[in-house]
Structures are given as structure tokens and as C-alpha cells.
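Asker: Starting off with a structure, shown below.
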Amino acid sequence: MNINRASIKQNAKTIISDTRPNPILVGLVYLAIAFVLDFFINTVSGQYEMTKKILEHYYAGDYNYVPPMPQYNLWSVSLLVALAVMVIMINVGFTIYCMNICRFRRAGFGNLFDGFAIFGKVLWLHILMFVLIYLWSLLLIVPGIIAFYRYRMALYIMIDNPQLSAIECIRESKRMMNGRKEELFMLDLSFLGWILLTTFPFVIVWVKPYTEITYVNYYLALRHMPYTSYDRLV
């Protein structure tokens, strides 16, 4: 039984229009925090300085200029790791907010920081997923893409079941996505036009809540499908 793509996307639009505080406003705060963190990451990593030098040499006619790699010390590396982790946790917080409003639970701006409550498990989950997808990608690009879709539900499962380990969430996601990868891929493709429009800053304020709420709806729809092992978790 396939999940009705149009239905879960329409439901996302309804939730956005009916929820208070409005998901677009919460998404704007989330994006603002993410932008500030990204700014510090690029500043500390030297990316802004490297880009500036490349442009200066380019406009001077030196098209072959290669900037020297930034020199990092222990402090700068630690700060970069901390900032990157904060970006991940804020993103998890926004997902928690979206899961709450899709279930008509109490939700608000404070949810953006709820990811820190399961900080260690979420970080370990991201590390394991990265390693597994990378290892599959070493074979060919297609196995890497399949692995990416295989583990897409792992974060939602962990948020729902924080008592589970990262490995258990990955295994449950693998079982949940059995026979569903193409379906989720087509859902991703349906957002392609919106993603292309995010080159305009004001568009992403709508696209981020819309897509995330739709993916949460997809996950919740999967939970009600005939499934071999997920029932034991809820």
C-alpha cells in the first residue's frame, strides 16, 4: 500500500496555516540561529578569508591562484566541532517541533533546543549513519544512495524512542524503509522546484517547514503501515 504523496503534502500546508506559533515563524528563528552558527563556522575555518583572496586574485587576472590552507590549532578545531554539533542539535530541535505539531501536541520555540536532551545519542547516530553511507558509497554511488534512504527514518525513531540505541534505530529504519526507498525518492523529487527556488532567501522560510512537516507526516504514515518489528517500540 503506497502512501498518498499529495495527501501528506496538503496536510503539511494545513498544519502550517492552522498552527500557533506559526511554523514559518519558528522556522525563521531556526534559520536565523543556523545562519549565525554557519557564519562563525566559516569565519573560524577561514573559508571567508580564502574566498576573499580567491576573488581578489581572480579580478586581478590571476586565474590560477590557489590559496594556502588555513592553519588550525586545538582551540579552533574544538570550536569548529562545537559549532557543527550545535547546528545538528538545532536541526534536531526543529524536527522535534514539527513532530509535536503533526501530533497536535504542545509545541513552541523552546523545542528548537530539545535536541540537546538526547545530545549524545543523536550525535552518535549521525556519526554511524555517515560512516555506513560512506562505506556503501565506496562500492559505487548507487549503493551509497540506497543506504542514505535506508536510514532516513532513524532520527524520527530515536526522537520517538530515546531509550533505543543508535544501532537499534538504524536497524528499525532499515526494516521500515524496506520496499519504500523509491517512494521516498519520488517524494524528494516532488520538492525539486521548491529547492531550486531557495536561491531566493525569503523562499526557504516557507520551504523548510513545508518539507520537514511533510517528511514527519510520511514517517507517521509509515508507522500505521503493516510492519514486522516497529510495533514493539511504541
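The values are calculated or read from the model by the stated rules, or taken from the named source; none is laboratory data. Computed from a predicted model, the values in this text were never measured in an experiment. Glycine also receives a Cβ, built like all others from the backbone with ideal geometry; neighbour counts cover every protein chain displayed.
Asker: Return a yes/no flag: does segment 16-31 have any residue that is of a type in the set (Phe, Trp, Tyr), within 20 Å of the chain's Cα centre (by Cα) and either under 30 Å from residue 181 (Cβ atoms) or assigned to a loop (DSSP other than H, G, I, E, B) (or both).
Answerer: yes
Asker: Now for a separate question. Tell me which of these residue 105 doesn't satisfy, since it passes every other one: (1) crowded, with 16+ Cβ neighbours inside 10 Å; (2) outside any helix (DSSP H, G or I); (3) without any contact (Cβ under 8 Å) to a residue 60 or more places away in the chain.
Answerer: It is condition (1) that residue 105 fails.
Asker: Within segment 108-131, count every residue that is assigned to a loop (DSSP other than H, G, I, E, B) and under 15 Å from the mean Cα position of the chain (by Cα).
Answerer: Matching residues across segment 108-131 total 0.
Asker: Follow-up question, since we're still on this one. Just for segment 68-91: of the residues that are in a helix (DSSP H, G or I) and among the polar types (S, T, N, Q), which one is farthest from residue 155 (Cα to Cα)?
Answerer: 76
The rows are residues; the columns are (1) closer than 25 Å to residue 6 by Cβ; (2) charged (D, E, K, R).
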{"residue": "115", "(1), (2)": "no, no"}
{"residue": "123", "(1), (2)": "no, no"}
{"residue": "129", "(1), (2)": "no, no"}
{"residue": "137", "(1), (2)": "no, no"}
{"residue": "172", "(1), (2)": "no, yes"}
{"residue": "177", "(1), (2)": "yes, no"}
{"residue": "199", "(1), (2)": "no, no"}
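Asker: List every residue pair whose Cβ atoms sit under 9 Å apart, with the two residues 6 or more apart in sequence or on different chains, where the first one lies in segment 16-35 and is crowded, with 18+ Cβ neighbours inside 10 Å and the second, anywhere, is among the acidic types (Asp, Glu) and at pLDDT 95 or above.
Answerer: Once the first residue is crowded, with 18+ Cβ neighbours inside 10 Å and sits in segment 16-35, its partners that are among the acidic types (Asp, Glu) and at pLDDT 95 or above give 23/212; 27/212.
Asker: If I ask for residues that are under 18 Å from the mean Cα position of the chain (by Cα), surrounded by fewer than 19 Cβ atoms within 10 Å (Cβ to Cβ) and among the hydroxyl-bearing types (Ser, Thr, Tyr), which ones from segment 161-198 would you list?
Answerer: Scanning segment 161-198 gives 190, 198.
Asker: What is the one condition in (1) part of a loop (DSSP other than H, G, I, E, B); (2) surrounded by 12 or more Cβ atoms within 10 Å (Cβ to Cβ) that residue 94 does not satisfy?
Answerer: Residue 94 satisfies every listed condition except (1).
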